[in-house]
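FYI, it's all coordinate maths here, none of it is from the lab. Since the model is a prediction, treat every value here as computed from it, not as a measurement. Positions of Cβ are backbone-derived with ideal geometry, glycine not excepted, and every protein chain shown enters the neighbour counts.
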Ligand SMILES: [Fe+2]
Ligand SMILES: [Fe+2]
């Protein structure tokens, strides 16, 4: 769907959450009751905390060069939202570890990749990578908002709340990193380089790491026909052209390569309004029991 950019949103709130995750209530088959597809999302949960930390550091570093007070305010909102995503997913990942997910190993590997690789990239490349990563989270968030039923097959209410809250906020702030990149650089070739790097991380490395989790957790899965059936079904859920998370959104992913692309060309305002009411309504909101407080960072001249 292509629309005119509806203008910048200065009302992106930072929401402090407290989920109190408990391993005994955690459903390791959260995504449509599958082992394989769920493992891909749980791998994402582990690795995205590192991506978020990179986004936070990059946004903080570049905020000092931004002249426009509104752009500065939006970067502050982005930093605030990502900081709480990272914190909440880390708390969740600690509980995943108790279900034999290889959380310490993957944290160790990600730490090395970020510390010795991505964080040593030139600042302008990190800015482009940040915009590229945020494009992918915006695509997944839009898919999830359009397919909210995927979260309701599991009885794990807190994990559902975690993912739905995260997806809502990814969509709320989807244009901030991109606008910062355009203001501070605007180079098309640099934007494409960051996109290619983000694509490799999110479409290759994370799924690869996720795909071996069920065999690490339970090596006997390799001999179970039921597990391989799960893999086939999961691949359809992930890569299916009709309705798969990644398979059906490739057009949106590749739209980033259009020279005049803007995140708001994909209008999600109606979904955001619907989702906010569903999640944050003071009486009936799914997130209401876990919301501690929220505030919108002020614009400072
Ligand atoms: Fe995030
Ligand atoms: Fe984000």
Helix 123-146: inclination vs the chain longest Cα principal axis, degrees, rounded to 10, gives 60 degrees
Over the Cα atoms of the chain the radius of gyration and the largest Cα-Cα distance (Dmax), both in Å, equal 18.7, 63
Whole-Å distance linking the alpha carbon centroid of the stretch 139-165 with that of the stretch 238-295 is 10 Å
Tilt, helix 103-116 to longest principal axis of the chain (alpha-carbon atoms), in degrees rounded to tens, equals 30 degrees
Mean separation of Cα contacts under 8 Å (at least 6 apart) over the residue count of the chain, i.e. the relative contact order in percent, is 33 percent
With Cα springs under 10 Å, the Gaussian network model of the chain assigns the largest mean-square fluctuation among 227, 116, 143 to 116
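How large is the Rg to Rh ratio of the stretch 81-157 when both quantities use alpha carbon positions and Rh follows Kirkwood?
Radius of gyration relative to Kirkwood radius: 1.03.
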Inter-part gap, Cα centre of the stretch 94-137 to Cα centre of the stretch 187-237, in whole angstrom, is 15 Å
Ordered by fewest other Cβ atoms within 10 Å, a rough proxy for footprinting exposure, 200, 213 read 200, 213
Note to self, the chain gives a 222 nm [θ] from helices alone (DSSP H runs n ≥ 4, -39500 (n - 2.57) apiece, / all residues, nearest 500) of -19000 deg cm²/dmol
GNM on the chain, Cα springs under 10 Å; top mean-square fluctuation among 237, 78, 109 goes to 109
Contact order relative to length for the stretch 1-112, counting C-alpha pairs under 8 Å separated by 6 or more residues, stands in percent at 37 percent
With the label point 7 Å along the Cα-to-beta-carbon line of residue 23 and a cut-off under 19 Å to each amide N, the hits in the stretch 152-182 are 156-159
For the pair residue 119 and residue 260, the simple spin-label estimate (label points 7 Å beyond Cα toward Cβ) gives in nm 4.1 nm
